[in-house]
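Peer 1: After the structure tokens below, expect a handful of questions from me.
Values quoted throughout were computed directly from the atomic coordinates according to the rules given, and no laboratory measurement underlies them. Small disclaimer: the values here were computed from a predicted structure and weren't measured. Quick reminder, even Gly has a Cβ in these numbers, built from the backbone with ideal geometry, and neighbours come from all protein chains shown.
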Amino acid sequence: MVEYTLNLDDVFRSLADPTRRDILRRVCEAEQTITELAEKYDISFAAVAKHLNVLEKAQLVIKRKEGVQQKVLANPVVVDMAAKHLQEYEAIWQQRYDNLERMLEEE
């Protein structure tokens, strides 16, 4: 099994930007080249590359060379770890909502 040193601060900081969230969504659907990704945005190729570097530092994406092109794909392990972290909070809030609902029904 591959071990990951995951820093959730980096993960969530990288997801604070809407362009990076959209890039992650796109590479979760299918592996893409940096050029393919850059065509989708009204920003420079260099700006897309910087966004990808932030996502790569957070380990949310993996870049690999294929010939002269770099392909980008989502790192499902880290995406899943971040989702599980958020699910813990979801469970807490769901319990609070359930308690509120019971309290309102009793009144």
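Peer 1: With the crude spin-label approximation of a point 7 Å out along Cα→Cβ, what separation in nm comes out for Glu101 versus Lys63?
Peer 2: 4.6
Peer 1: Which length gain, in nm to one decimal place, applies between Asp22 and Lys50 when the Cα-Cα distance is subtracted from 0.36 nm times their residue separation?
Peer 2: Here the segment from Asp22 to Lys50 would lengthen by 8.7 nm.
Peer 1: Amide H to amide H under 5 Å from Thr33: which residues, 5+ apart in sequence or cross-chain, H placed 1.01 Å off N in plane?
Peer 2: Hits under the 5 Å cutoff: Val72.
Peer 1: So what is log10(I(q)/I(0)) for the stretch 1-71 at q = 0.12, 0.19, 0.22 1/Å, when the Debye sum runs over its Cα atoms only?
Peer 2: -0.31, -0.76, -0.99
Peer 1: If all Cα-Cα distances of the stretch 37-107 are sorted into 5 Å bins from 0 onward, what percent lands in each bin, rounded to whole numbers?
Peer 2: 3, 13, 14, 15, 12, 9, 8, 7, 7, 6, 4, 2, 1, 0
Peer 1: Checking the cross-link filter: which lysines have an alpha carbon closer than 21 Å to that of Lys71, excluding same-chain neighbours under 8 positions apart?
Peer 2: Lys40, Lys50, Lys57, Lys63
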